[in-house]
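The values are calculated or read from the model by the stated rules, or taken from the named source; none is laboratory data. Everything numeric in this text was worked out from a predicted model, so none of it was measured. Positions of Cβ are backbone-derived with ideal geometry, glycine not excepted, and every protein chain shown enters the neighbour counts. The accessibility values were calculated without ligands, DNA or RNA, using every heavy atom of the protein model including side chains. Shrake-Rupley method; radii C 1.70, N 1.55, O 1.52, S 1.80 Å.
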Amino acid sequence: MSEINNQYKHEEIVSSRFSKSMIAGCLAGSLVHLLLSIFYFIIKVPEMCLFSIITAFLFLLWRHLFKNKLIETSFILASLNAVIGIVLGEYFIGWESNFNIYFIILPASLFLYGGWKIWKSSIYLITLFSLYLILYFVLSDFEGVYKINEDIIKYLSLVNTLSAVAIILVILL
């Protein structure tokens, strides 16, 4: 009996830590997206600017959901937003901007929270893999709606790669 109680307490501690880290992550994500909106405004990609502003406010909503222990709901909504952001980035800026690297974060973050049922995790991973393949076949040769300086695209690709790696390291730690 005490073993079951200990396991329950351990799961509560892990869930509480996860929620607290996600609350902090949501605040950071909101700030990052506000800064991104300024960047997109400067390089004159209004759709991405608007998306970043909306996402900044969505991060505040997800923060509220995490505070109320609605972990799965906020995780799924954030994942949908990330996929939409990836698609928009690839469409408006082009494949060379390397927004597709953020697909790596989605399955990595799935393993951060251990409360998922196996069937939910499996459906999520299959859906992500399918979406990535569709995105690759549809947009990998697409140059983007906006013609942006090649140097800016190179730096944007580098920043996208470095930020994806940093996020994965944070998730793994």
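Brief remarks follow.
- Residue in the stretch 130-147 that is closer than 17 Å to A28 by Cβ and in contact with a helix residue (DSSP H, G or I) (Cβ under 8 Å, 6 or more places away or on another chain) present: no
- Number of the exception - I86 against (1) touching a residue at least 24 places away in the same chain (Cβ under 8 Å); (2) in a helix (DSSP H, G or I); (3) over 17 Å from L106 (Cβ atoms): (3)
- Positions within the stretch 66-86 being within 24 Å of M48 (Cα to Cα) and open to solvent by less than 60 Å² (accessible area, probe 1.4 Å), in sequence order: S74, F75, A78, S79, N81, A82, V83, G85, I86
- Among the conditions (1) modelled with pLDDT under 85; (2) exposed (fewer than 13 other Cβ atoms within 10 Å of the Cβ); (3) within 13 Å of the chain's Cα centre (by Cα); (4) not hydroxyl-bearing (S, T, Y), L173 misses just one, which is (3).
- The stretch 89-145: number of residues that are among the β-branched types (V, I, T), surrounded by 13 or more Cβ atoms within 10 Å (Cβ to Cβ) and without any contact (Cβ under 8 Å) to a residue 12 or more places away in the chain: 1
- Among the residues making up the stretch 52-87, those that are modelled with pLDDT under 90 and of a type in the set (F, W, Y) are F59, W62, F66, F75.
- Flag for S52 being crowded, with 18+ Cβ neighbours inside 10 Å and over 11 Å from the mean Cα position of the chain (by Cα): yes
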